[in-house]
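> Before I ask anything, let me first share the structure, which is written out below as C-alpha cells.
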Amino acid sequence: MKYDIIVIGSGPGGYISAIRASQLGKKVAIIEKYATLGGTCLNVGCIPSKALLDSSHHYYDAVNHFESHGISVEKPTFDFTKMVERKATVVEQTTGGIKYLMDKNNIDVFEGLGSFVDATHVKITKNDGSEETIEGTNIIIATGSKPSTLPFISLDKERIITSTEALKLKEVPKHLIVIGGGVIGLELGSVYKRLGADVTVVEYAPKITPTMDADVSKELQKVLKKQGMKIATSHGVSAVERNGDEVIVKATDKKGREVEFKGDYCLVAVGRRPYTEGLGLENAGVQLNDRNQVEVNEHLQTNVSNIYAIGDVVKGAMLAHKAEEEGVVVAEYLAGQKPHIEYNLIPGVVYTWPEVAAVGKTEDELKNAGVAYKAGKFSMRALGRSRASGDIDGFVKVLADKTTDEVLGVHIVGARAADLIMEAAVAMEYRASAEDLARICHGHPTYSEAVKEAAKAAWDGKPLNA
Ligand code: FAD
Ligand code: NAD
C-alpha cells in the first residue's frame, strides 16, 4: 500500500498532523502501537491528569470552601475507585473521539509497532506477531516520549512509580514523596494532597518549576505550602529504596547534609525522554542529536529529506499544543504552504489551584539577554471577581519593553490562569503594547481585569484598582 504521508505515533502531534494532511488532500496512514489512539496526552497524560485534578478539586472545595459560602454538607467523603473509573471513562470517550476523527478524515489506522525498513517503507508489527509493510512518500515521526528516571532508581511501578502508575493507583497514598518539583510532580502531588495524603516534593533546583518566572515559582510554592504540601528545594536525591510497603528517599541538602524522607509511595517526576526504541531509525539513516532527540531543521525535516519529526521526540517544550502546532506545520509544508510557528509564544500551564500560566520571556531571560524592560504586577486579591469566588491567591505580571512598550512576557498565578493566558498570547502574537492591553475594555467582574491592570501598571505605573 502506498501513501503520500505515513505518520508514526497517534499522540496530539501525530493525529493532528494526519488530519491536517488529509484536509489538504493527502492520502494518509497513521500507525499506533497501542490499541487506543491519542498517545501520552489522551491516555496517560493531559486528559487523565486533568480529570483527577478536577475531581480532587471538587472534593477539596467541598471540605475547605463550601462552608465559607454558607453551604453545609455532611462531612464530604469520596470513593477513590469511582474517581479513577470516571477518569478512565473520560479517557475512553476522548480516545474514541480520535478514532472517529480518523474515520471521518479517511485516514487508514494501523495498529502495531512501526519501524523503518528504509527511508520510504515502514513495517508494522502487530500484537499477534504478524507483519505488514506500507510505503510512504513522506514519513512523519511522532513517537513522543516516555518518563525518564535517575540512574540509581529502580522503578518497580508499584510503589516507586512514574506518572503513568500515579494515574491509576488503587489507594490514596498515606505519604507520597515526589521527586521533581516540575509540572507533573506539582499536578499529581496536588491531586493526592487534596485527597488527604501527606505529600513531600523533593526538588533539586533552588525553586519549584525552575524554568518559570522566579516570582511565579515563589508564589506557587507559598500557596502549595499553605495547602499543606511539603516542599524541599535544593535537595539532590541520591538513593531510593523500598522496604516492604515503605519507600525511603535519600537526598543531600544544600549544606551537604544527608536527609531521608519516608513514605509509602514515591513518584519519580524528573522529566521525560524522547522515545525512539524499536523505530529502526538506523535503517532509514535518521540521526539523533546529543539529547537523543530526532534532529530536525527549521522545517522539522530530519537529515533524510522525506522524513520529518514533531512533538516530544524533537527539541523544544514537551507540550501537547506544541506537538499539535508542529503537526500542522509539517502537513502544510508538505502541501506546499509556508507555515510558521512562533515558539516564543507557546504558553505553558501548570494545573495546580490556583493555576499557573505563562507566555513569552521571564524576567531572568530578559535580564540575561540585556533587554531593558518594565514590569507591572497586579494582585488577584484586589479583584472583585476574586473576592466573590474566594480565589484570592496569585497575581498577573506583565513585562514590556522599556522603550517600545511591546509586551514581552505575561506570567499569571491565579484562578483560571490557564484560560486567561490566551489573551496575552493573542496580544503578543499581534505585537501589542502594554498600553494596548490596558486600553482594551475587559468585562467586569472577571479575572481578566487583572491582566488589564497589570498591563496598565507596566505601561504607566498606575493601575486603577490598586
Ligand atoms: P505522544 O503523545 O507521546 O504520542 C506518541 C505516540 O506514539 C504514543 O501513542 C506511542 O505509543 C506511539 N509510538 C511510539 N513509538 C511507536 C512506534 N514505533 N510505532 C507506533 N507507535 C509508536 N502537555 C500539555 O500540553 N498539557 C498538559 O496538561 C499535559 N499534561 C501532562 C500530564 C502528564 C501526566 C504527562 C505524562 C504529560 C502531560 N503533557 C501535557 C505532555 C503531553 O502529554 C505531551 O507533550 C504530548 O503527548 C506529546 O505529544 P506527541 O504527539 O509528541 O507524543
Ligand atoms: P519537568 O521538567 O517539568 O520537571 C522535572 C523536575 O525534576 C525539575 O524541576 C527538575 O529540576 C527536577 N529534577 C531533576 N532531577 C532531579 C533530582 N535528581 N532530584 C530532584 N529533582 C530533580 O518534568 P516533569 O514534571 O516530569 O514533566 C515532563 C514533561 O511533561 C514536561 O516537559 C512537561 O512540560 C510535560 N507536562 C506538562 C504538563 C502541563 O502542560 N500542564 C503537565 C504534565 C507534564
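The values are calculated or read from the model by the stated rules, or taken from the named source; none is laboratory data. If you're wondering where the values come from, they're calculated on a predicted model, not measured in any experiment. Cβ placement follows ideal geometry from the backbone for every residue including glycine, while neighbour counts extend to all protein chains displayed. Side chains are part of the model used for accessible areas, which takes the heavy atoms of the whole protein and leaves out ligands, DNA and RNA. Shrake-Rupley method; radii C 1.70, N 1.55, O 1.52, S 1.80 Å.
> Going through 34, 3, 15, 60 one at a time, which residue ends up being open to solvent by 20 Å² or more (accessible area, probe 1.4 Å), away from ligand 1 (no atom under 11 Å from the Cβ) and of a type outside the set (A, V, I, L, M, F, W, C)?
Testing whether each residue is open to solvent by 20 Å² or more (accessible area, probe 1.4 Å), away from ligand 1 (no atom under 11 Å from the Cβ) and of a type outside the set (A, V, I, L, M, F, W, C) leaves just 60.
> I would also like to ask the following. For the stretch 253-267, does any single residue satisfy the condition of being within 14 Å of ligand 2 (Cβ to nearest atom) and under 23 Å from the mean Cα position of the chain (by Cα)?
yes
> Still on this structure, please answer the following. Could we say that residue 201 is within 16 Å of ligand 1 (Cβ to nearest atom) and at negative phi here?
In short, yes.
> Something else now. List pairs: first residue in the stretch 1-30 and assigned to a loop (DSSP other than H, G, I, E, B), second residue buried (at least 24 other Cβ atoms within 10 Å of the Cβ) and not small (Gly, Ala, Ser) anywhere in the structure, Cβ distance under 6 angstrom, at least six positions apart or on different chains.
Close Cβ pairs satisfying both conditions: 9/143; 10/30; 10/32; 10/37; 11/40; 11/41; 26/5.
> Could I ask something else about it? Only one of (1) within 12 Å of ligand 1 (Cβ to nearest atom); (2) assigned to a strand (DSSP E or B); (3) crowded, with 21+ Cβ neighbours inside 10 Å is not met by residue 231, so which one is it?
(1)
> Please verify whether residue 185 is within 17 Å of the chain's Cα centre (by Cα), open to solvent by less than 50 Å² (accessible area, probe 1.4 Å) and either within 12 Å of ligand 2 (Cβ to nearest atom) or modelled with pLDDT under 95 (or both), treating the condition exactly as stated.
So residue 185 passes the test.
> Can you name every residue in the stretch 120-159 that is open to solvent by 40 Å² or more (accessible area, probe 1.4 Å), in a loop (DSSP other than H, G, I, E, B) and basic (Lys, Arg)?
Answer for the stretch 120-159, where residues must be open to solvent by 40 Å² or more (accessible area, probe 1.4 Å), in a loop (DSSP other than H, G, I, E, B) and basic (Lys, Arg): 126, 157.
> Out of all the residues in the stretch 81-119, which are farther than 30 Å from residue 28 by Cβ and surrounded by fewer than 17 Cβ atoms within 10 Å (Cβ to Cβ)?
Within the stretch 81-119, 81, 82, 85, 86 meet the criteria.
> Same structure, new question: Hey, can you tell me all the residues within the stretch 58-112 that are of a type in the set (Phe, Trp, Tyr) and within 20 Å of residue 196 (Cβ to Cβ)?
59, 60, 66, 78, 80 - these are the residues of the stretch 58-112 that are of a type in the set (Phe, Trp, Tyr) and within 20 Å of residue 196 (Cβ to Cβ).
> Examine the stretch 203-211 for a residue that is within 7 Å of ligand 2 (Cβ to nearest atom), open to solvent by 30 Å² or more (accessible area, probe 1.4 Å) and not β-branched (Val, Ile, Thr), and state whether such a residue exists.
yes
> Just give me the residues in the stretch 155-169 being in contact (Cβ under 8 Å) with a residue 24 or more places away in the chain and more than 9 Å from ligand 2 (Cβ to nearest atom), in sequence order.
155, 156, 159, 160, 161, 164, 166, 167, 168, 169
> If I filter the stretch 160-169 for residues that are open to solvent by 50 Å² or more (accessible area, probe 1.4 Å) and within 16 Å of ligand 1 (Cβ to nearest atom), do I get at least one hit?
Yes, that holds for at least one residue.
> On the basis of being open to solvent by 40 Å² or more (accessible area, probe 1.4 Å) and either under 18 Å from the mean Cα position of the chain (by Cα) or among the aromatic types (Phe, Trp, Tyr) (or both), does residue 308 make the cut?
no
> Restricting the stretch 234-276 to residues that are touching a residue at least 60 places away in the same chain (Cβ under 8 Å) and assigned to a loop (DSSP other than H, G, I, E, B), which is surrounded by the fewest Cβ atoms within 10 Å (Cβ to Cβ)?
It comes out as 245.
> Looking at (1) of a type in the set (A, V, I, L, M, F, W, C); (2) away from ligand 2 (no atom under 16 Å from the Cβ); (3) open to solvent by 20 Å² or more (accessible area, probe 1.4 Å), which is the one condition that is false for residue 46?
(2)
> Please find, among 288, 300, 281, 319, the residue that is farther than 23 Å from residue 183 by Cα, open to solvent by 30 Å² or more (accessible area, probe 1.4 Å) and among the aliphatic types (A, V, I, L, M).
288
> Please enumerate the residues belonging to the stretch 277-328 that are outside any loop (DSSP other than H, G, I, E, B), within 16 Å of ligand 2 (Cβ to nearest atom) and touching a strand residue (DSSP E or B) at 6+ places or on another chain (Cβ under 7 Å).
Scanning the stretch 277-328 gives 312, 313.
> Of the residues 193, 174, which single one is at pLDDT 95 or above, surrounded by 21 or more Cβ atoms within 10 Å (Cβ to Cβ) and of a type in the set (Lys, Arg)?
Going through 193, 174 in turn, just one is at pLDDT 95 or above, surrounded by 21 or more Cβ atoms within 10 Å (Cβ to Cβ) and of a type in the set (Lys, Arg): 193.
> Ok, one more. Going by the conditions given, is residue 85 among the charged types (D, E, K, R), more than 15 Å from ligand 1 (Cβ to nearest atom), within 30 Å of residue 124 (Cα to Cα) and modelled with pLDDT of 95 or more?
Spelling it out, it is not the case that residue 85 is among the charged types (D, E, K, R), more than 15 Å from ligand 1 (Cβ to nearest atom), within 30 Å of residue 124 (Cα to Cα) and modelled with pLDDT of 95 or more.
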